[in-house]
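Down below is the structure, laid out as structure tokens.
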Ligand code: F58
């Protein structure tokens with residue numbers, strides 16, 4: 001006789017049916033938030049749901065850690081001063097595969113899930129591309145079941161939030177922890193002491209060998225705060241471990257400051273300041289001791305943590321490199337070279353050669369920039385004061401390294417000077433990139449062009465020495481967050497057509513190619529885009545009051561504001577169209593909305609002036625009746641991950657217009673194309689590879705290429721030549737210059753105009769004509785909607801390469817030599 005299966009009662013902590021989730025939410029509302037439903041605020045409900053989700057992650061988390069310990073697997077540790085995670089709730093629901101169940105669960109309490117998403121304050125612990133890449137890589141590591149720990153800093157204040165007042169950027173503190181943070185687990189028992197200041201001493205060890213030790217003047221404690229990083233529906237959950245600085249009370253109060261209560265409290269505040277705030281980029285180096293202290297702090301805590309974990313598995317550190325593959329995300333954690341050496345030499349009593357071998361075997365380094373001025377260097381005086389022992393070690397590394405170099409290149413003093421870890425051309429500095437290159441077994445760039453250029457220019461001398469150390473690993477982005485989560489309608493359409501394997505195997509999108517000409521599919525594709533544009537139009541209206549027409553072309557440029565990225569080239573194009581329409585109001589052009597977003601570093605005046613210019617142009621253009629609404633310009637304030645997720649899906653045209661040779665890779669370019677935007681771009685960064693993948697006929701290319709840029713500059717580039725030759729360019733610049741956009745004030749934009757007219761470091765004038773002409777082609781093709789849609793489908797279909805899963809596989813195979821968990 002067949003028995004009917006009894007329904008198994010789900011655990012309140014792990015069950016995933018809507019009913020169990022609804023009950024768990026109520027429980028958490030009561031037992032964590034201390035609220036009845038009747039008196040709960042939206043934030044209370046958000047917290048209750050978030051804790052409910054976290055419970056479900058913890059199970060996988062513990063399992064993953066157990067698997068790592070049992071298998072003695074090699075673990076990837078990704079050291080990064082920035083992790084720009086973005087909102088957690090939606091992504092975690094998606095990873096667990098319980099988004100719909102959660103929607104139903106909260107609906108049982110009369111609540112709309114979307115409302116709860118709005119409650120979340122995103123952890124903006126990064127400036128831009130570099131920090132967001134780190135977050136995408138964590139997602140892929142977990143999704144590929146590669147054991148990994150992200151190590152970074154738990155900034156109390158993340159990237160500032162941006163307001164626009166009178167067209168200018170105003171910065172506000174990002175108090176993201178204000179309402180509590182349900183995702184982190186504080187682990188007071190996982191804490192390490194980190195020194196700074198003080199002096200070094202020598203002594204004889206038991207074997208009579210001379211040894212060094214550092215006697216720090218100050219100590220601070222780093223406490224672990226862990227964030228779960230779930231893989232996509234695979235029961236793997238990795239860790240992001242962020243360090244928070246805490247004062248060591250006994251140190252301050254008892255040993256030093258007896259009777260000096262005020263002094264002791266001051267010392268406590270000073271220690272805790274280390275993790276107070278994320279530095280926005282482009283701040284001048286002076287007064288940045290705190291940043292060096294931040295770098296040392298998180299690097300030291302992370303290495304001490306790895307050593308602790310390793311010594312629980314093995315008796316010695318001889319095989320430390322079998323336990324960890326440590327990736328340095330740019331030079332911010334490059335102190336790891338000196339700190340690991342210090343720990344091995346001074347604390348674990350290795351000799352220099354052994355310590356050096358262990359260090360180099362464990363470390364690898366990624367470079368993210370081509371701007372020589374962006375290479376980090378620290379005044380020697382900072383080092384001498386803050387990290388005297390590290391400085392000694394760096395001197396010793398340098399001494400041994402230059403000895404080798406001299407041997408190989410006798411009498412080449414210039415080369416030796418360039419390779420040295422110490423810049424002695426004026427005031428002395430430690431060159432962090434050189435330290436990272438010497439101390440790592442692998443060095444990589446982040447797009448093919450970028451990797452070629454660092455071999456040929458930035459790190460040429462290192463490439464000559466060790467060509468085998470150099471690799472390219474083209475960046476990628478996670479399709480989970482940047483398609484599945486942020487563009488649900490397109491995801492549904494794609495999955496209906498080709499199944500949902502693309503979520504973890506993005507190359508599967510290729511199968512969409514054969515539907516690119518299918519009129520029904522095209523129609524559905526267009527409809528999705530249209531709805532996404534409507535949604536964005538609503539957000540724009542709410543945030544800025546500007547009304548835009550979703551039927552027109554959405555032309556979007558979102559990224560940090562920087563002269564090399566050339567937001568002002570886009571502005572010149574807008575002014576050109578405006579000027580054409582003023583002269584010929586009947587001109588037949590495609591209506592367009594130009595959308596900008598991005599933050600300027602608070603100390604970067606030119607970038608802030610560019611924001612003011614965008615808003616001033618918007619002011620005129622948006623209100624000019626002659627245009628009849630055909631052009632609209634919007635600066636969308638406070639671009640962050642949450643906004644990005646609404647913006648990429650709504651783009652028709654993606655602007656990737658940096659001067660060739662300046663953008664290392666770009667990752668926004670990938671997110672746009674993945675969501676079906678067409679790109680107008682230069683041959684820079686990953687644009688080159690995107691164009692190769694999608695086909696040149698589906699990409700709007702313009703501008704000088706790297707070799708041409710170099711030639712122009714070598715020939716003594718003169719922007720006046722282009723200014724005089726091109727009537728439309730002259731008109732556009734003259735409108736700015738004569739105060740048309742600044743109520744007659746000719747001074748306001750003078751620094752910007754003068755830079756363009758007399759220097760033009762980033763060749764806007766040289767690239768202007770080809771840009772404007774290419775935009776005209778965009779205008780024409782957009783009117784042919786079947787053609788445009790076909791190109792759009794092909795763009796998305798051919799983005800498989802740009803999944804961060806592919807990047808991570810390459811790191812695993814070529815650099816880390818790590819395997820997925822069995
Ligand atoms: C970016 N760098 C590159 N740096 O500009 C971009 O081309 C690349 O796609 C991305 O890295 C990922 O590889 C970047 O975002 C920073 O934000 C630094 C943060 C610390 C201060 C200096 C800038």
Peptides 56-63, 320-327: what's the order by average Cβ count within 10 Å, highest mean first?
320-327, 56-63
Over what distance in Å are the Cα centres of the stretch 612-644 and the stretch 184-226 separated?
53
Roughly how many Å is it from the Cα centre of the stretch 75-146 to that of the stretch 426-443, as a whole number?
34
From a point 7 Å beyond the Cα of residue 708 in the direction of its Cβ, which residues of the stretch 449-464 have a backbone N at a distance under 20 Å?
449-450, 453
Potential lengthening between residue 374 and residue 211 on full extension [0.36 nm per residue; Cα-Cα distance subtracted]
55.0 nm
Distance cut-off 15 Å, percentage of C-alpha pairs in the stretch 360-438 lying past it:
61
Using r as the Cβ-Cβ distance of residue 518 and residue 776, and R0 as 22 Å, what FRET efficiency do you calculate, to the nearest 0.05?
0.15
FRET efficiency, residue 507 to residue 822 (Cβ-Cβ, R0 25 Å, nearest 0.05):
0.55
Can you quote the Å³ per residue value for the convex hull of the Cα atoms in the stretch 461-519, rounded to an integer?
140
Residue-span extension gain [residue 769 to residue 265] - 0.36 nm each, minus C-alpha spacing:
175.3 nm
Take the Cα radius of gyration of the stretch 555-655 and divide it by 2.2 N^0.38 Å, with N its residue count; two decimals is plenty.
1.09
With the contact rule set at Cα under 8 Å and sequence spacing of 6 or more, what percent relative contact order holds for the chain?
13
Place a point 7 Å from Cα of residue 185 in the direction of its Cβ. Which residues in the stretch 139-154 have their backbone N less than 19 Å from it?
139, 142-143, 145-154
For the peptides 518-526, 444-452, what is the packing order when you average, over each peptide's residues, the other Cβ atoms within 10 Å and list the highest mean first?
444-452, 518-526
What is the pair-distance distribution P(r) of the stretch 171-237, computed from all Cα-Cα distances in 10 Å bins starting at 0, with each bin given as a whole percent?
15, 21, 27, 19, 14, 5
Per the 1/(1 + (r/R0)^6) rule, R0 = 45 Å and r from the Cβ atoms of residue 272 and residue 541, FRET efficiency to 0.05 is 0.60
Can you tell me the length gained on complete extension of the stretch residue 496 to residue 588, counting 0.36 nm per residue apart and subtracting the Cα distance?
29.3 nm
What nm distance separates the two modelled labels at residue 107 and residue 193, each placed 7 Å from Cα along Cα→Cβ?
5.7
Counting every C-alpha pair in the stretch 1-138, the percent lying more than 25 Å apart is 41
Asserting the computed 222 nm helical MRE of the chain (DSSP H runs at least 4 long, -39500 (n - 2.57) per run, divided by residue count, to nearest 500) equals -14000 deg cm²/dmol
Taking all pairs of different Cα atoms in the chain, averaging 1/r and flipping that mean, what Kirkwood radius in angstroms comes out?
28.4
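No value in this document is a laboratory result; all are computed from the given coordinates. Because the structure is a prediction, the values reported are computed rather than measured. A quick note on method: Cβ atoms are made from the backbone with ideal geometry, for glycine too, and the neighbour counts reach across all protein chains shown.
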